[in-house]
Structure formats: structure tokens, C-alpha cells
């Protein structure tokens, strides 16, 4: 699993599906969690691993050194480390790790790093998947990685810069601009990390425009074969 959002429990329910509680013996069926960064929408779900919930033991958690320091020194995440609910495995930019038959390559991306750094993941199997849920602006390097991918799941937080009055405080590349940058690119591309203000959540002209340009909008429960 990449990131542990506040919806972590419901996401696990989707993963578990028809598997009975007895068969999985109360433990989660995840071989490890990879974190992108420290914003609460991406790590608050880790709290479900602690004593007040499943009391997981030594679940591998992959993150950068800066993220490791944040988790180890910040309550309540520090309790997960102290009680060994999670076992932090440090990852390094541009060094791959293998898990579950897949290879994950973390690459650094520009984002609001008030606390730590931010990474995206290149996932390799039969296909190359680019996962960039959070970024402040597209760089030439990241765009090139997207263009060379088979599937890309990318930051679609806002449709336009006019969506919220404090856009400059929480910058994300607007979907309209991203579509212009990636026009004529032969990559199966999904917008994800969609804000509640984003009109593509509704069946209107904005979502129709995205689809008319050959792009897709990610949704809960969506599955992809890689």
C-alpha cells in the first residue's frame, strides 16, 4: 500500500474483500506501506495500526530519512515506533526496492515540505506505472518519467487556480494546465488526489472536458492490471 490516508480502514476492507476474520487472524493483509510524505492526508491512517486498534506488529514501513525522523519524534506516530507496531525501513531517492513481485523506485518531487521531503514512486512490473499524487509544479524530469510510462496516476487536486482563494498557499498543477503539457502523450493517465472543491467530481462540463482529451479520473475501488 502507498500511503495511509484517514480512510485507511475502509481501504483495507476493500483489500480484504471476502477473506474471513478467522482466516486472517485479525491482522491486515498488507506486506508493507510506502509513504510519500508527512501531510496528514497521507499518513494519519497509520494510527489504525496501534494499540487502540489492530495492534499490528513490525509491519514494514518504507520512507525517507526525513520522514523516519518525523514519525519517530512526533506523537502519536512515535508510539507506533516504540511499540513496534511498525518497523521503519529507510529508502533512498533513485534506489529501488522490491516487494510483492513489484519494484518501487522513489524519486524526489517538489512539494510543500514544511516537515519533511516528498517522493513519488515509479512502479515496475510488466508495465511501468508513475504515481505522483502530490506535487507543487511539474518539472521536466517528472514529465519525462510520465511520458515514458504505460500508466500514470498524477496530481489532479484542482481543476483550475481559481478554485480556492488560498491557492498560492497550497499550489498544485491545475488539471487544465497538466492536460496542455501532456497533450498527444500515449500514456493511460488518471487524475487522482482530487480536492472536494474540484468540479471533476461531478458529471459536468469539466469532467467531460477531461475525458474528451483522453484523460481519466480515478475513483474509489478502481483496479488496474500491471
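The values are calculated or read from the model by the stated rules, or taken from the named source; none is laboratory data. What you see is a predicted model, and the numbers here were worked out from it, not measured in a lab. No Cβ is skipped: glycine too gets one built from the backbone with ideal geometry, and neighbour counts run over all protein chains shown.
The set of residues in region 160-189 being assigned to a loop (DSSP other than H, G, I, E, B) and touching a strand residue (DSSP E or B) at 6+ places or on another chain (Cβ under 8 Å) consists of 172, 173, 182, 187.
The lone criterion from (1) assigned to a loop (DSSP other than H, G, I, E, B); (2) buried (at least 17 other Cβ atoms within 10 Å of the Cβ); (3) at pLDDT 80 or above left unmet by residue 28 is number (3). Scanning region 66-102 for residues that are loosely packed, with under 12 Cβ neighbours inside 10 Å, over 18 Å from residue 1 (Cα atoms) and without any contact (Cβ under 8 Å) to a residue 12 or more places away in the chain turns up 73, 75, 82, 95.
Assigned to a strand (DSSP E or B), buried (at least 21 other Cβ atoms within 10 Å of the Cβ), without any contact (Cβ under 8 Å) to a residue 60 or more places away in the chain and touching a strand residue (DSSP E or B) at 6+ places or on another chain (Cβ under 8 Å): does that describe residue 130?
So residue 130 passes the test.
Once region 136-154 is narrowed to residues that are in contact with a strand residue (DSSP E or B) (Cβ under 6 Å, 6 or more places away or on another chain) and either within 21 Å of residue 211 (Cβ to Cβ) or in contact (Cβ under 8 Å) with a residue 40 or more places away in the chain (or both), the residue that is surrounded by the most Cβ atoms within 10 Å (Cβ to Cβ) is 154. Within the option set 59, 40, being closer than 22 Å to residue 133 by Cα and either assigned by TED's automatic domain parsing to the domain that holds residue 135 or modelled with pLDDT under 95 (or both) holds for one residue only, 40.
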